[in-house]
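The values are calculated or read from the model by the stated rules, or taken from the named source; none is laboratory data. Owing to the predicted nature of the structure, the values given are computational and were not obtained by experimental measurement. FYI the Cβ positions are ideal-geometry reconstructions off the backbone, even for glycines, and counts take in every protein chain you see. With ligands, DNA and RNA removed, areas are computed over all heavy atoms of the protein, side chains included. Shrake-Rupley method; radii C 1.70, N 1.55, O 1.52, S 1.80 Å.
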Amino acid sequence: MKRYSAFAVAKEAFSYHQGWERAWRSPEPKQHYEVIIIGAGGHGLATAYYLAKNHGLTDVAVLEKGWLGGGNTGRNTTIIRSNYLQPASSEIFELSRSLYEDLSQKLNFNIMFSPRGVLMLAQTEHELRAWKRTSHANRLAAIESEMVGPERVKQLCPILNIDGPRYPVLGGLWQPRGGTARHDAVAWGYARAASDRGVDIIQQCEVTGIDREEGRVKGVQTTRGPITCSKLCIVVAGHSGVLAKMAGFRLPIESVPLQALVSEPIKPCLDIVVMANTVHGYMSQSDKGELVIGGGSDGYNAYTQRGSFHHAEETVRALCETFPIISRLKMLRQWGGIVDMTGDRSPIIGRAPVEGIFLNCGWGTGGFKSIPGSGWAMAAMVAKGEPDALAGPFSLDRFTEGRMIDESVAAAVAH
Ligand SMILES: Cc1cc2nc3c(=O)[nH]c(=O)nc-3n(C[C@H](O)[C@H](O)[C@H](O)COP(=O)(O)OP(=O)(O)OC[C@H]3O[C@@H](n4cnc5c(N)ncnc54)[C@H](O)[C@@H]3O)c2cc1C
């Protein structure tokens, strides 16, 4: 595939940009693949890319019922950080964050990674203690994060009201190399690079059934006909339970709507990401000038990509108190995704009860940041047939063995 470069852009300018090829191929599905990945979100596409790049496996198809990146990957608020509490989580999230650092160069696609820093406010004594504990755990895991006092918080984010009437800011957990990236570009970059290495990405191809024989996966039924495979990866976030049902087992996953909204564009006023868990809201500013805002997930299970109205109202109210200067802003648009929540708020990466099926789900409200690391770990597991040390702790049997990886503090508002 032709490389994107300043030289290529200049050269194309002379021919009215007529010479660019499509970013990825749109092949007809073959009858058989070594590996089928269901779901062309960030995790599915990253898995396909690392299968090809790290393990030389290219007889791979990614099947997507809609358009690639149209699920949560294209709907999230793009916060990237790795300051998690438990050792297993820190390892995979920090690998992911570090892979983001030079992902644009690796994929030859500008994913607009912006390590602008992520600040998680402490607005109660309890939260202050919890973040202190996390910062100590981060230091042990060699993750760069630090506790900062109210004055430093104000310095980092001058538009913040640190003397709020309900919840004054007592400090914050600051990760200077956390930040954001362009969500669509992450999906597009992985898709282009995977397609370039021979992976077939098949959009508008819904999986409607999973074929098994003697406890082993045989293939899938799709809206474009049956396809057989040796290995099958289910990477469909909020629809994981639906696909698991097709394969004849149940998952400890609940599907819940989570929403976000953006304001009209304004001049630059916020150059970090701020998360305020106590009042239930978080905010960053996009390159277009829009304030990107999110809150908590809905309190009931659903498959609507919308989210309840009262959450939008509560989130905006909380942020007006925290950032008084936004109180007269108009909101431009609102949308939702369906997040896949586990009981301990940690993902599932592991083998399914059916031989040949591999699972990657349960990233809940925080799986954008983990796309590179998750794809890396998933690809290694699928290639070798067994999870390695990175994925091992996240296996499905932790729910029967009671080996929970409790990251409940890291869910919902704290993406
Ligand atoms: C509003 C919101 C804000 C968020 N904010 C953040 C954040 O700031 N930071 C962060 O780290 N995370 C965030 N997240 C979470 C993050 O978006 C997800 O964890 C992550 O994108 C999941 O990626 P995925 O590839 O697993 O799933 P998805 O991107 O949802 O991809 C799954 C794909 O599977 C496809 N699919 C489903 N069923 C089938 C089928 N039967 N056949 C074929 N294809 C199928 C879907 O169409 C979809 O494209 C947020 C999520 C939401 C909704």
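Some points to look at:
- The convex hull of the Cα atoms of the stretch 52-181, projected and averaged over all directions, covers 10.8 nm².
- When the surface is traced with a 1.4 Å probe over the full set of protein chains, Glu254 keeps roughly 100 Å² accessible.
- Top of Leu258, Leu121, Leu107 by mean-square fluctuation, Gaussian network on the chain, Cα under 10 Å: Leu107
- Once C-alpha pairs closer than 8 Å and six or more residues apart are averaged by separation and normalised to the residue number of the stretch 240-376, the relative contact order reads 27 percent.
- Against the compact-protein benchmark of 2.2 N^0.38 Å, the Cα-based radius of gyration of the stretch 5-129 scales to 1.39.
- Taking every alpha-carbon pair within the stretch 160-270, the share separated by more than 21 Å comes to 64 percent.
- Calculated diffusion of the stretch 354-396, Stokes-Einstein form, Kirkwood radius summed over Cα pairs, 25 °C and 0.890 mPa s, µm²/s: 225
- Alpha carbon Rg of the stretch 222-306, scaled by the compact-globule rule 2.2 N^0.38 Å: 1.58
- Pairs of Cα atoms nearer than 8 Å and 6+ residues apart set the relative contact order; for the chain it is 22 percent.
- Radius, Kirkwood style, for the stretch 300-350 when every pair of distinct Cα atoms is counted (Å): 13.6
- Per residue, the stretch 89-173 exposes 48 Å² of solvent-accessible protein surface, assessed with a 1.4 angstrom probe and all protein chains in place.
- Loop-located GluC sites (Glu not before Pro) in the stretch 269-336 (DSSP state other than H, G, I, E, B) with a sparse environment of at most 12 neighbouring Cβ atoms within 10 Å are absent.
- Kirkwood-Stokes translational diffusion coefficient of the stretch 252-373, alpha-carbon pairs, 37 °C, 0.692 mPa s, µm²/s: 207
- Distances between placed amide hydrogens fall under 5 Å for Val339 paired with Val256, Leu258, all partners being 5 or more residues away or on another chain.
- Here the chain is treated as a sphere whose radius is the Kirkwood value from Cα pairs; by Stokes-Einstein at 4 °C and 1.567 mPa s it diffuses with a coefficient of 59 µm²/s.
- For the stretch 113-184, the alpha-carbon coordinates run over 37, 29, 21 Å along the three principal axes, in decreasing order.
- Taking Asp196, Asp184 and ordering them by how much accessible surface each has at a 1.4 Å probe, largest first, produces Asp196, Asp184.
- Per residue accessible area in Å² of the stretch 269-415, where ligands, DNA and RNA are left out and the probe is 1.4 Å: 38
- Computed over the alpha-carbon atoms, the stretch 1-62 gives an Rg to Rh ratio of 1.11, Rh here being the Kirkwood radius from the mean inverse distance.
- For His183, the solvent-accessible surface with a 1.4 Å probe is about 40 Å², rounded to the nearest 10.
- Residues Met381, Met404, ordered by accessible area of protein heavy atoms at a 1.4 angstrom probe radius and largest first, appear as Met404, Met381.
- When the convex hull of its Cα atoms is projected in every direction, mean area for the stretch 339-415 (nm²): 5.0
- Per-residue HN-Hα couplings for the stretch 61-68 [Karplus 6.51, -1.76, 1.60; θ = phi - 60°; Hz; x = Gly/Pro]: 10, 10, 9, 10, 6, x, 10, 5
- Efficiency of FRET between Thr304 and Glu21 - r from beta-carbon atoms, R0 30 angstrom, step 0.05: 0.20
- With every protein chain in place and a 1.4 angstrom probe, the accessible-area ranking of Arg398, Arg152, largest first, reads Arg152, Arg398.
- Computed E for Val9/Glu101 - FRET, C-beta separation, R0 22 angstrom, nearest 0.05: 0.40
- Percent of beta bridges antiparallel (DSSP, the chain, rounded to nearest 5): 70
- Taking amide H atoms as placed 1.01 Å from N in the peptide plane, the amide H of Cys205 lies under 5 Å from those of Glu64, Lys65, Gly66, each 5 or more residues away in sequence or on another chain.
- For Ile80, the residues whose amide H sits under 5 Å from its own are Gly179, Thr180, ignoring neighbours fewer than 5 places away on the same chain, with H placed 1.01 Å from N.
- Solvent-accessible area of Val256 with every protein chain in place, 1.4 Å probe, in Å² to the nearest 10: 10
- Per the Debye calculation on the stretch 226-273 with a single equal scatterer at every Cα and no solvent contribution, log₁₀ I(q)/I(0) for q = 0.13, 0.21, 0.22, 0.28 Å⁻¹ amounts to -0.57, -0.85, -0.90, -1.16.
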